[in-house]
Amino acid sequence: MTEGAPPLISLVLADDHPRFLAAVREVLAADPRMRVLLEARDGVTALSAIRRLQPQVAVLDLEMPGLDGLAVARAVGESGRPTAIVLLTMHKAEHVFRSALHRGIRHYVLKEDFDSHLIPAIHAALAKQPYFSPKLRTAAMADTLASLP
C-alpha cells in the first residue's frame, strides 16, 4: 500500500447464488478499498472463513445451505470476533426484519438495491453505525428502529 492510500477493507462474501455473488463482486470492485478474501456459497464455509481469515466485514445472505446468515452472525458474535456483519437479503417483510434486529443485526441491505447501498452499509458497519436499506423505513418499522440501542 502506498503512503496516503486509504486502508483496505477485508471482506468475506456469502451467498448461494453464483450470479448474485458475481454482481456483488462487480459492485465492490468499484471501490478500490474493498478486498474480498473469500466467497462462500454456504453458511458453514462462510463461518469457517470468518474464523480463519478474520475479515473486518462479512456480507451474508439470510438464506443459505448449512447455516443461514443469522446463525453465522450469532456464531461470530458469540466468539467475540470483531467481524462486522452486513445481512444482504431479498426479505423485506416486517417480521423477518424485526427478527433480524432482535438477533442483533444492525446492517440490513435488500438485494434489490444492493448496488447503491452495500458499500455505504459496509462503511457504516466499520464505523459501528446502523444501516438499513431505505425501503425498510416504513412507518411500522420506524418504531422498531427508533428503539435500537
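Taken together, the values in this text are just the output of simple stated rules run on the coordinates, not laboratory data. Note that the structure is predicted; figures quoted are calculated from it, not measured. We place every Cβ from the backbone using ideal geometry, glycine too, and count neighbours over all the protein chains shown.
For the chain, what is the calculated [θ] at 222 nm in deg cm²/dmol (nearest 500), taking -39500 (n - 2.57) for each run of four or more DSSP H residues and dividing by its residue count?
-13000 deg cm²/dmol
Each residue of the range 37-47 in turn: what ³J(HN,Hα) in whole Hz from Karplus with 6.51, -1.76, 1.60 and θ = phi - 60°, glycine and Pro shown as x?
In residue order, the calculated couplings are 7, 6, 10, 10, 10, 8, x, 5, 5, 4, 5 Hz.
Under 5 Å between amide H atoms, partner at least 5 residues away or on a different chain: which partners does PHE132 have, H built in plane at 1.01 Å?
Excluding prolines and chain starts, which carry no amide H, the hits are TYR108.
Go ahead and set up a Gaussian network model of the chain, Cα springs under 10 Å, then flag whichever of LYS135, LYS111, LYS92 fluctuates most.
Answer for the Gaussian network model of the chain: LYS135.
Only Cα pairs within less than 10 Å get springs; with that Gaussian network setup on the chain, which residue of ALA71, ALA121, ALA29 has the largest fluctuation?
The residue that fluctuates most here is ALA29.
Sequence-distant or interchain residues sharing an amide H contact under 5 Å with ILE85, placed H: which?
Amide H neighbours of ILE85: ALA58.
Which value, in debye to the nearest 20, describes the size of the charge dipole of the chain about its Cα centre when Lys and Arg Cβ atoms bear +1, Asp and Glu Cβ atoms bear -1, and nothing else is charged? Provide the component values of the computation, followed by the final result.
Numbers: 17 positive and 16 negative charges, 71 e Å.
I would put it at about 340 debye.
Given the options ALA46, ALA75, ALA84, which has the most mean-square fluctuation in a GNM of the chain, springs set between C-alpha atoms less than 10 angstrom apart?
So, out of ALA46, ALA75, ALA84, the one fluctuating most is ALA75.
Subtract the Cα-Cα distance of LEU37 and ARG103 from 0.36 nm times their separation in residues, and report this length gain in nm to one decimal.
Taking 0.36 nm per residue and subtracting the Cα distance, the gain is 21.2 nm.
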